[in-house]
């Protein structure tokens with residue numbers, strides 16, 4: 001078990017069996033996980049010419065698994081970059097494996113993950129952070145652990161393993177799976 005004094009408040013890490021995964025691997029220096037959450041407005045003129053979509057295609061061509069937040073609009077309308085081909089889109093789930101009311105959903109959303117995390121705050125303390133932007137790094141971290149454990153695993157194989165190990169969420173407005 002982790003020696004983090006706030007471990008008991010991090011229900012999401014327990015939900016995804018992080019401690020069990022860490023008993024097998026805590027990552028490898030050769031595995032890079034980048035988390036970018038900038039609130040990009042994909043319709044901005046500087047990003048036209050679907051730039052974001054080209055970046056995702058480039059990453060996919062280089063066997064990178066792109067994981068993106070599905071959004072917090074309680075909507076099934078496509079949200080980008082999460083709805084682009086080649087992206088593993090993530091909804092936010094509660095500790096009882098139900099979708100948060102604010103999470104986006106729909107057939108384009110691939111999995112759900114714990115949508116609230118206990119983390120550091122800007123003021124130097126600790127507190128809760130909720131949103132699909134909190135759920136997405138949970139899945140990205142799992143993908144990083146999987147790649148660290150098996151450096152020959154392709155992005156597609158890791159994505160399939162994540163999707164295949166998630167449980168169905170019966171209460172979601174549209175079918176998604178929870179990690």
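Only the coordinates and a few stated rules stand behind these numbers; no lab work does. No experiment lies behind these values; they were computed from the predicted model shown. So basically every Cβ, Gly included, is an ideal-geometry build from the backbone, and we count neighbours across all protein chains shown.
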Bridge orientation stat for the chain from DSSP, antiparallel percent rounded to 5, came to 45
Protection proxy (average C-beta count within 10 Å per residue), highest first, orders 68-76, 83-91 as 83-91, 68-76
Taking a ≥ b ≥ c as the square roots of the Cα gyration tensor eigenvalues, with a/c under 1.5 meaning rounded and otherwise prolate when a/b beats b/c or oblate if not, the stretch 35-108 comes out prolate
Rg from C-alpha atoms of the chain, normalised by the globular rule of thumb 2.2 N^0.38 Å, equals 1.01
Among the stretch 2-36, those whose backbone N falls under 19 Å of a label point 7 Å along Cα→Cβ from residue 128 are 5-16
Taking Cα pairs closer than 8 Å and at least 6 residues apart, the relative contact order of the stretch 11-178 in percent is 25
Connecting every pair of Cα atoms under 10 Å apart in the chain and solving the GNM, the largest mean-square fluctuation among 32, 64, 16 falls on 32
For 109-122, 150-163, ranked highest to lowest by mean beta-carbon neighbours within 10 Å, the order is 109-122, 150-163
